[in-house]
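Trainee: Pasting in a structure now, in structure tokens, and then I'll have a few things to ask.
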Amino acid sequence: MPPAILILYGSYRHDRAGIRLARYLVAGFAARGANAELIDAQAIGLPMLDRMYKEYPKGQAPAPLETLAGKIRAADAFVFVTGEYNWGVQPGLKNLTDHFLEEWFWRPAAIASYSAGRLGGARAGVIWHGTLAEMGMVVISSTLTVGPVTAALDEAGTPTGEAGEALKRSFPRFADDLDWWTEATRRQRDHRPPPY
């Protein structure tokens with residue numbers, strides 16, 4: 001059974017350049033045989049965190065929250081596509097992530113960051129590493145940093161220029177790393193149920 005990978009993207013800005021990277025990743029993982037799905041925080045439109053999913057009585061969570069909880073529980077792996085805002089994380093992606101906790105447990109997560117500058121959102125990626133680990137995910141060591149994102153990818157998510165070539169060279173190792181951990185965690189969950 002092909003792995004189910006959620007590609008999570010969180011920009012709410014009017015001109016969203018990072019969606020290019022999210023589209024590239026969905027296509028890249030699909031080409032490798034995965035069931036890759038884009039989870040766009042803006043499209044889902046969750047409110048600012050008031051109550052986590054688990055804090056609603058069973059069957060009373062808003063429909064978008066219930067649907068997303070099911071997708072997260074069914075996923076084998078996650079890719080967090082994050083921009084860098086003032087050396088920090090994107091509030092839209094962080095808000096989406098914080099609506100859940102146990103739903104994330106015992107699966108691998110990968111971080112793909114981007115920015116308009118040459119550092120490619122690397123500082124946000126460092127912050128996300130600790131956050132995702134605290135939320136019960138195994139964060140893989142390989143990362144993607146894409147910058148400037150508009151020079152690396154066109155609007156459809158197709159690599160362009162030197163920056164796009166660099167992304168194409170980096171993606172296979174990133175995907176292989178996530179694939180290895182996805183297989184490992186699937187086997188372990190089948191072999192032994194998580195302890196909590």
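Trainee: Students often get this wrong, so try it: which of [x] 74, 44, 34; [y] 69, 49, 33; [z] 50, 37, 26 is Cα extents along the principal axes in Å as calculated from the structure shown?
Mentor: Computed from the coordinates, Cα extents along the principal axes in Å corresponds to [z].
Trainee: I would also like to ask the following. FRET efficiency for ASN95 and ALA31, Cβ-Cβ distance as r, R0 = 30 Å, nearest 0.05?
Mentor: Given R0 = 30 Å and the Cβ-Cβ separation, E is 0.50.
Trainee: Provide the per-residue ³J(HN,Hα) series for the range 55-68, in order, calculated from phi with Karplus coefficients 6.51, -1.76, 1.60 and θ = phi - 60°, each as a whole number of Hz, with x at glycine and proline positions.
Mentor: Per-residue couplings from phi come out as 8, 8, x, 3, x, 10, 5, x, 3, x, 5, 5, 4, 5 Hz.
Trainee: Over the chain, how many pairs of lysines fall under 19 Å by alpha carbon, counting only those 8 or more apart in sequence or from different chains?
Mentor: Lysine pairs meeting both conditions in the chain amount to 4.
Trainee: Let me ask something else about it. Simple spin-label model, 7 Å along Cα-to-Cβ: GLN188 to ASP154 in nm?
Mentor: Spacing of the two 7 Å Cα→Cβ label points: 4.2 nm.
Trainee: Expressed in whole Å with the largest first, what are the equivalent ellipsoid semi-axes of the range 1-89 derived from the C-alpha gyration tensor as the square root of 5 times each eigenvalue?
Mentor: Rounded to whole Å, the semi-axes are 23, 20, 10.
Trainee: Follow-up question, since we're still on this one. Build a GNM of the chain with springs between Cα atoms under 10 Å: which of LEU68, LEU178, LEU21 gets the top mean-square fluctuation?
Mentor: Looking only at LEU68, LEU178, LEU21, the largest GNM fluctuation is found for LEU68.
Trainee: Work out, step by step, the length gained on full extension between TRP87 and ALA74: first 0.36 nm times the residue separation, then minus their alpha carbon distance; give nm to one decimal.
Mentor: Taking 0.36 nm per residue and subtracting the Cα distance, the gain is 1.5 nm.
Trainee: In the Gaussian network model of the chain, springs joining C-alpha atoms below 10 Å, which of GLU55, GLU102, GLU183 carries the largest mean-square fluctuation?
Mentor: Top of the fluctuation ranking is GLU55.
Trainee: Helix 19-31 versus the longest principal axis of the chain: what angle, 0 to 90°, nearest 10, using Cα atoms?
Mentor: Helix 19-31 and the main axis of the chain meet at about 70 degrees.
Trainee: Sort LYS168, LYS58 so that the residue with the fewest other Cβ atoms within 10 Å of its own Cβ comes first and the one with the most comes last.
Mentor: LYS58, LYS168
Trainee: Right, another one. Given an 8 Å cut-off on Cα distances and at least 6 residues of separation, report the relative contact order of the chain as a percent.
Mentor: For the chain, the relative contact order is 22 percent.
Trainee: A further question on this structure: Please give the calculated 222 nm ellipticity per residue for the chain, where each DSSP H segment of at least 4 residues contributes -39500 (n - 2.57) and the sum is spread over every residue; nearest 500 deg cm²/dmol?
Mentor: -13500 deg cm²/dmol
Trainee: Fewest Cβ neighbours within 10 Å first, please rank MET1, MET137 accordingly.
Mentor: MET1, MET137
Trainee: Still on this structure, I have one more. Hey, can you rank 186-196, 154-164 by average C-beta count inside 10 Å, highest first?
Mentor: The packing order, highest mean first, is 154-164, 186-196.
Every number in this text was worked out from the coordinates using simple rules, so none of it is lab data. Computed from a predicted model, the values in this text were never measured in an experiment. Note that each Cβ is placed from the backbone with ideal geometry, even for glycine, and that neighbours are counted across all protein chains shown.
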